[in-house]
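> Sharing a structure here in structure tokens format.
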Amino acid sequence: MKCRICAGKAIIGLPQHNMALCAEHFDNWMLKRVSKAVDEFKMFSKKSNILVAVSGGKDGLALWDILVRLGYNASGLYINLGIEEDDYSDESEEFARSFAERVGRKLYIVDIKENHGMSIPEKAYTKRRKPCSACGVTKRYYMNKIARNESFDVIVTGHNLDDQAAALLGNVLYWKIDYLAKGAPYSPPIESGQFGKAKPLVFCTEKEDAVYCLLKGIPYIQKECPYSKGATSLRWKHILNEIEENSPGAKHAFYFDYVRNIDLFQAKEKEEELPPLTCEICGAPSWDYVCSFCRLWDLDKRGNLSCDMDQN
Ligand code: Q46
Ligand code: ZN
Ligand code: ZN
């Protein structure tokens, strides 16, 4: 396999683009893929204050590295969920911390057990909820809170093409119109003073992110969260990979043709996109008098969330 650009030894085949690339040209290509996503969807600029949500995994760390190399002003956020199985949370925090040191950027760390006296799985158990549902509410809350308090312009996450296409497949199968309205690579701020949400890895696949980390010598947590076992999204990824093997490029076409037509699903959403209320307890925008985060964590008006993050 030869590199399409220099004819040197290729290290990765990219059948969806009908080419293979050597280490140097793959590295350039990854930077270009991220720049393309940022520019095409007008995600942010060199002046933006960017918060990268990382879990210690390959996608978030690859993205943070690429943004720093492209000259963006990007800090990180790691949320320790308190998952003790397999030492998952503490190990993943270590990967996030050492990467932040390596690039010399600030990392915000939120420790759920320290803030609330309970880990995500423990809280989910007391509330008879699934850990992933408690996790989603909590992660969203802290991402928004830190972006708001620290005046970030945009929160970026390491969702890649495989993640986006798998979510799309699940939402189409069950025609979840509300979710279909929200699957774009970039959601601009709803009002001024707010922040946008961006996924600059949408043109890259999971495999490409892993190869990037390998090439750049970026250590990342290889084990998956113990609660991701049996997740439906893994099933959709598996199915899409089978399709992709027979029809290279199918995944890309599936997701980006949807993005081009996303306004078909957004008509209904637009009327009600801004939560109409403010949570009585934490002051966050909310669909109810008390937001889902404060309900989950049983916070009362004394719920003190002011000293809940650590900065490196
Ligand atoms: S939601 Fe669920 Fe993930 Fe949270 S508990 Fe683990 S698998 S980390 S994206
Ligand atoms: Zn080359
Ligand atoms: Zn609240």
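The values are calculated or read from the model by the stated rules, or taken from the named source; none is laboratory data. Everything quoted here is computed from the prediction, not taken from an experiment. Backbone-built Cβ (ideal geometry, glycine too); neighbour counts: all protein chains shown. Keep in mind that these areas ignore ligands, DNA and RNA; they rest on the heavy atoms of the full protein, side chains included. Shrake-Rupley method; radii C 1.70, N 1.55, O 1.52, S 1.80 Å.
> Restricting to the stretch 1-135, compute how many DSSP beta bridges are antiparallel as a %, nearest 5. If you can, show how the numbers build up before the last one.
Details: 4 of 15 bridges.
Of those bridges, close to 25 percent are antiparallel.
> Still on this structure, I have one more. Would you list 169, 21, 277 from the most to the least accessible area, probe 1.4 Å?
277, 169, 21
> Where does helix 206-216 land angle-wise versus the long Cα axis of the chain, in degrees 0 to 90, nearest 10?
80
> Turning to a different aspect of this structure: P(r) tail for the stretch 6-104, what percent of Cα pairs lie past 18 Å?
Considering the stretch 6-104, 57 percent of its Cα-Cα pairs are separated by more than 18 Å.
> At 25 °C and 0.890 mPa s, grab the translational diffusion coefficient of the stretch 56-184 from Stokes-Einstein with a Kirkwood Rh over Cα pairs, rounded to a whole number in µm² per second.
On the way: Rh = 16.3 Å.
D, rounded to a whole number, is 150 µm²/s.
> In nanometres, what is the gap between the two model label sites at residue 215 and residue 40, each 7 Å from Cα along Cα-to-Cβ?
Spacing of the two 7 Å Cα→Cβ label points: 1.9 nm.
> Obtain the nm distance between the two label points defined at residue 223 and residue 128 by a simple spin-label model: each point lies 7 Å from its Cα along the Cα-to-C-beta direction.
Roughly 3.1 nm, to one decimal.
> Another question, if that's okay. Can you give me the angle between helix 250-260 and the longest principal axis of the chain, using Cα atoms only, in degrees from 0 to 90, rounded to the nearest 10?
Computed tilt is about 50 degrees.
> Moving on. Count neighbours as other Cβ atoms within 10 Å of each site's Cβ, and list the trypsin sites (Lys or Arg not before Pro) in the stretch 123-153 that are DSSP loop with at most 13 such neighbours.
Sites meeting the loop and neighbour criteria: 128.
> OK, next. If I ignore ligands, DNA and RNA and count only protein heavy atoms, how much of residue 93 is accessible to a 1.4 Å probe, in Å² to the nearest 10?
30
> Further question on the same structure: Calculate, in nm to one decimal, what residue 9 and residue 232 gain on full extension: separation in residues at 0.36 nm each, minus their alpha carbon distance.
Fully extending the segment from residue 9 to residue 232 adds 76.5 nm.
> Pick out, from 275, 8, 241, the residue whose Cα sits farthest towards the positive end of the charge dipole of the chain, with +1 on the Cβ of Lys and Arg and -1 on the Cβ of Asp and Glu.
Of 275, 8, 241, it is 8.
> Can you list the lysines whose alpha carbon sits under 21 Å from that of residue 207, skipping same-chain ones fewer than 8 residues off?
2, 9, 32, 36, 58, 199, 216, 223, 229, 237, 251
> Hey, can you find the accessible area per residue of the chain for me, probe 1.4 Å, expressed in square angstrom?
Using a 1.4 Å probe on heavy atoms only, each residue of the chain averages 52 Å².
> Helix 131-149 against the longest principal axis of the chain: what's the angle in degrees, Cα atoms only, rounded to the nearest 10?
The angle comes out near 90 degrees.
> In debye, nearest 20, what is the charge dipole magnitude of the chain about its Cα centre with +1 on Lys and Arg Cβ and -1 on Asp and Glu Cβ, if you could check? Kindly include the intermediate steps, with their values, before the conclusion.
Working: 42 positive and 43 negative charges, 117 e Å.
Result for the chain is approximately 560 debye, rounded to the nearest 20.
> Ok, one more. Positive end of the charge dipole of the chain (Lys, Arg +1 and Asp, Glu -1 on Cβ, about the Cα centre): tell me which of 230, 255, 119 has its Cα farthest that way.
Positive-most Cα among the choices belongs to 255.
> What's the magnitude of the charge dipole for the stretch 53-113 around its Cα centre, counting Lys and Arg as +1 and Asp and Glu as -1 at the beta-carbon? Answer in Debye, nearest 20. Mind dumping the intermediate values first?
Numbers: 7 positive and 12 negative charges, 123 e Å.
Using Cβ point charges on Lys, Arg, Asp and Glu, the stretch 53-113 gives about 600 debye.
> Return the Rg/Rh value of the stretch 157-243, two decimal places, where both radii are evaluated on C-alpha atoms and Rh is the Kirkwood radius.
On the way: Rg = 15.0 Å, Rh = 14.8 Å.
Taking Rh as the inverse mean 1/r over Cα pairs, Rg/Rh reads 1.01.
> On to the next question. Picking from 267, 53, 284, which is most flexible by a Gaussian network model of the chain using Cα springs under 10 Å?
267
> Could you give the nm distance between label points at residue 257 and residue 32, where each point is 7 Å from its Cα heading toward the beta carbon?
Once both label points are built, they end up 2.5 nm from each other.
> Compute from the Cα atoms of the chain the Rg and the Dmax, the latter being the longest Cα-Cα distance, and quote both in angstrom.
19.8, 65
> Additional query: Ignoring any ligand, DNA or RNA, what whole percent of the accessible area of the stretch 1-158 comes from carbon and sulfur when the probe is 1.4 angstrom?
So the carbon and sulfur contribution to the accessible surface is 47 percent.
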